[in-house]
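The values are calculated or read from the model by the stated rules, or taken from the named source; none is laboratory data. From a predicted model like this one, the values you see are computed outputs, not experimental measurements. In this analysis, Cβ positions are derived from the backbone assuming ideal geometry, glycine residues included, and neighbour counts consider all displayed protein chains. Note: areas computed on protein heavy atoms with side chains; ligands, DNA, RNA excluded. Shrake-Rupley method; radii C 1.70, N 1.55, O 1.52, S 1.80 Å.
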Amino acid sequence: MPLAAYRRILLAVDLTEESGAVAERAAALAKSFDAQLHVIHVIEPLSLAYGADFPMDLSVVQEQIQAQAESHLAEFCAGVGVPAHRRHLIFGRPETEIHRIAEQDDMDVIVVGSHGRHGLALLMGSTAGGVLHGATCDVLAVRVGPGAHQTGG
Ligand code: AMP
């Protein structure tokens, strides 16, 4: 039986320096399957991190974070050649929102970066692990960070 083609690929980025390496792999996958590449970045609300009873109005800081993420995501997507209508900037928990958009927009595969952590960090979990658990489509974890294997073109 021939391998089913990926038609829609969801690249999840945290917009750190490592996102470029993950994007390269996702773009190559999209090219080889002639698939549509989408990009998602999730902004974690400060209230989730600090609790709603934080003794300060965080809304101004939150707006600044959003504005910065918007321009950073636009710049990143322009570099990868992903048009505006295939960019998803969402508020919430990364794993939850990545799953939600993947299901809602009928993605065939989610591409995430993975640090291959061990020890305490592994016990505490990672976004890649969270995305893998509960995903209803394929997940490609691209190894990033120190020790990541570089593949040549
Ligand atoms: P982490 O486990 O947090 O180091 O993240 C590993 C990978 O999870 C990143 O390379 C991204 O693919 C994805 N990821 C982490 N945070 C986010 C986020 N806020 N929005 C979208 N994807 C994310």
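Could you list all residues from segment 18-32 that are more than 11 Å from the ligand (Cβ to nearest atom) and surrounded by fewer than 17 Cβ atoms within 10 Å (Cβ to Cβ)? Can you show your working first?
So in segment 18-32, the residues more than 11 Å from the ligand (Cβ to nearest atom) come out as 24, 27-32.
Within segment 18-32, 24, 28, 31, 32 meet the criteria.
Would you check if there is a residue in segment 73-91 being small (Gly, Ala, Ser) and within 14 Å of the ligand (Cβ to nearest atom)? Explain how you work it out, then say what you get.
Let us first name the residues in segment 73-91 that are small (Gly, Ala, Ser), namely 74, 78-79, 81, 84.
So of that shortlist, the ones also within 14 Å of the ligand (Cβ to nearest atom) come out as none.
Scanning segment 73-91, I find no residue that is small (Gly, Ala, Ser) and within 14 Å of the ligand (Cβ to nearest atom), so the answer is no.
Looking at this structure, is residue 8 open to solvent by less than 80 Å² (accessible area, probe 1.4 Å), more than 16 Å from the ligand (Cβ to nearest atom), among the basic types (Lys, Arg) and out of contact with any Gly (no Cβ under 8 Å at 6 or more places or on another chain)?
Details: open to solvent by less than 80 Å² (accessible area, probe 1.4 Å): yes; more than 16 Å from the ligand (Cβ to nearest atom): yes; among the basic types (Lys, Arg): yes; out of contact with any Gly (no Cβ under 8 Å at 6 or more places or on another chain): yes.
When the stated conditions are applied, residue 8 passes them.
For segment 89-110, state whether one or more residues are open to solvent by less than 20 Å² (accessible area, probe 1.4 Å), touching a residue at least 60 places away in the same chain (Cβ under 8 Å) and in a loop (DSSP other than H, G, I, E, B).
Checked against the condition, which is being open to solvent by less than 20 Å² (accessible area, probe 1.4 Å), touching a residue at least 60 places away in the same chain (Cβ under 8 Å) and in a loop (DSSP other than H, G, I, E, B), segment 89-110 yields at least one hit.
Checking residue 62 against (1) open to solvent by less than 80 Å² (accessible area, probe 1.4 Å); (2) farther than 21 Å from residue 84 by Cβ; (3) away from the ligand (no atom under 16 Å from the Cβ): exactly one of these is not met. Which one?
Checking residue 62 against (1) open to solvent by less than 80 Å² (accessible area, probe 1.4 Å); (2) farther than 21 Å from residue 84 by Cβ; (3) away from the ligand (no atom under 16 Å from the Cβ), the one that fails is (3).
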